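Asker: The structure is given below, and queries will be raised subsequently.
The values are calculated or read from the model by the stated rules, or taken from the named source; none is laboratory data. Since we're looking at a predicted model, the values are computed, not measured. All Cβ positions, even for glycine, are placed from backbone atoms using ideal geometry, and neighbour counts span all protein chains on display. Quick note on the areas: whole protein, heavy atoms, side chains included, nothing else; ligands and nucleic acids left out. Shrake-Rupley method; radii C 1.70, N 1.55, O 1.52, S 1.80 Å.
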Amino acid sequence: MIEFTVEDRDGEQKQVEVPEEISLSLMEVLKASDYNILATCGGMALCATCHVQVLRGLEDLPHAGDEEMDMLDTLPDAGFDSRLACQIRIDETLNGMVFRIRGDEQ
Ligand code: FES
């Protein structure tokens, strides 16, 4: 299993476990885990409602692509540790990471 921690908008942290062979994005796993994420664009890096902050493990993630960087640039509250959850693939590098949900609520 791949295990990482998710902090919701109230600051509550929970462990999320995902099978290793799953082929999903972090956004899809967060939605499937009942986190309130709009994901209006369906994972195309076009809406930024899946904005997360990477509180631990940022350096282990693949760098953001141009489309993701462009979209993050439009967010007034984005920081150096901001990413779009739809652009993060679930794999074993996510083990031990901590993500804080930041995108707009429904
Ligand atoms: S779901 Fe729209 S940018 Fe990630």
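Asker: Can you go through D60, D70 and tell me which one is within 16 Å of the ligand (Cβ to nearest atom) and either surrounded by fewer than 15 Cβ atoms within 10 Å (Cβ to Cβ) or of a type in the set (K, R) (or both)?
Answerer: On the way: D60 fails: within 16 Å of the ligand (Cβ to nearest atom).
From the options D60, D70, the qualifying one is D70.
Asker: Every residue in segment 73-90 that is among the hydrophobic types (A, V, I, L, M, F, W, C) and open to solvent by 70 Å² or more (accessible area, probe 1.4 Å), please. Full working, then the answer.
Answerer: Quick first cut of segment 73-90, residues among the hydrophobic types (A, V, I, L, M, F, W, C) only: 75, 78, 80, 84-86, 88, 90.
Across segment 73-90, the qualifying residue is only F80.
Asker: Another question about this same structure. Considering each residue of segment 77-94, count those that are hydroxyl-bearing (S, T, Y) and within 16 Å of the ligand (Cβ to nearest atom), and give that number.
Answerer: Let us first name the residues in segment 77-94 that are hydroxyl-bearing (S, T, Y), namely 82, 93.
Still in the running and within 16 Å of the ligand (Cβ to nearest atom): 82.
Result for segment 77-94: 1.
Asker: Would you call T93 surrounded by fewer than 18 Cβ atoms within 10 Å (Cβ to Cβ), hydroxyl-bearing (S, T, Y) and under 21 Å from L38 (Cβ atoms)?
Answerer: So T93 fails the test.
Asker: Do you know which residues across segment 39-59 are outside any loop (DSSP other than H, G, I, E, B) and in contact with a Gly (Cβ under 9 Å, 6 or more places away or on another chain)?
Answerer: Initially, segment 39-59 is screened for residues outside any loop (DSSP other than H, G, I, E, B), giving 51-56, 58-59.
Result: H51, V52, Q53, R56.
Asker: I need the full set of residues from segment 11-33 which are at pLDDT below 95 and among the charged types (D, E, K, R), in order please.
Answerer: Across segment 11-33, the qualifying residues are E20, E21.
Asker: Say whether the condition of being more than 16 Å from the ligand (Cβ to nearest atom), part of a loop (DSSP other than H, G, I, E, B) and basic (K, R) is met by at least one residue in segment 6-27. Quick ask: steps written out before the conclusion?
Answerer: Filtering segment 6-27 down to residues more than 16 Å from the ligand (Cβ to nearest atom) leaves 7-23.
Cutting the leftovers down to part of a loop (DSSP other than H, G, I, E, B) gives us 8-12, 19-23.
In the following step, the residues that additionally are basic (K, R) were identified as 9.
Yes, because at least one residue in segment 6-27 is more than 16 Å from the ligand (Cβ to nearest atom), part of a loop (DSSP other than H, G, I, E, B) and basic (K, R).
Asker: Okay, next question. Among the residues of segment 81-104, how many are more than 14 Å from the chain's Cα centre (by Cα) and farther than 23 Å from S23 by Cβ?
Answerer: 0
Asker: Shifting gears a bit: Quick one: count up the residues across segment 16-39 that are under 12 Å from L94 (Cα atoms), without any contact (Cβ under 8 Å) to a residue 60 or more places away in the chain and open to solvent by 70 Å² or more (accessible area, probe 1.4 Å).
Answerer: Result for segment 16-39: 1.
Asker: May I ask you to list the residues in segment 1-15 that are under 20 Å from L61 (Cα atoms), of a type outside the set (V, I, T) and touching a residue at least 40 places away in the same chain (Cβ under 8 Å)? It would help to see each step written out before you state the result.
Answerer: First pass over segment 1-15, keeping only residues under 20 Å from L61 (Cα atoms): 1-7, 15.
Retained after the next criterion (residues that are of a type outside the set (V, I, T)): 1, 3-4, 7, 15.
Correct list: E3, F4, E7.
Asker: If you don't mind, there's one more thing I want to ask. Among the residues in segment 40-52, are any surrounded by 14 or more Cβ atoms within 10 Å (Cβ to Cβ), at pLDDT 95 or above and more than 13 Å from the ligand (Cβ to nearest atom)?
Answerer: No, because not a single residue in segment 40-52 is surrounded by 14 or more Cβ atoms within 10 Å (Cβ to Cβ), at pLDDT 95 or above and more than 13 Å from the ligand (Cβ to nearest atom).
Asker: I'd like to verify a number: residues in segment 25-83 that are small (G, A, S) and in contact with a His (Cβ under 9 Å, 6 or more places away or on another chain), how many?
Answerer: Start the filter on segment 25-83 by keeping residues that are small (G, A, S), which leaves 25, 32-33, 39, 42-43, 45, 48, 57, 64-65, 78-79, 82.
Right, trim to in contact with a His (Cβ under 9 Å, 6 or more places away or on another chain) and you get 78, 82.
Number of matching residues: 2.
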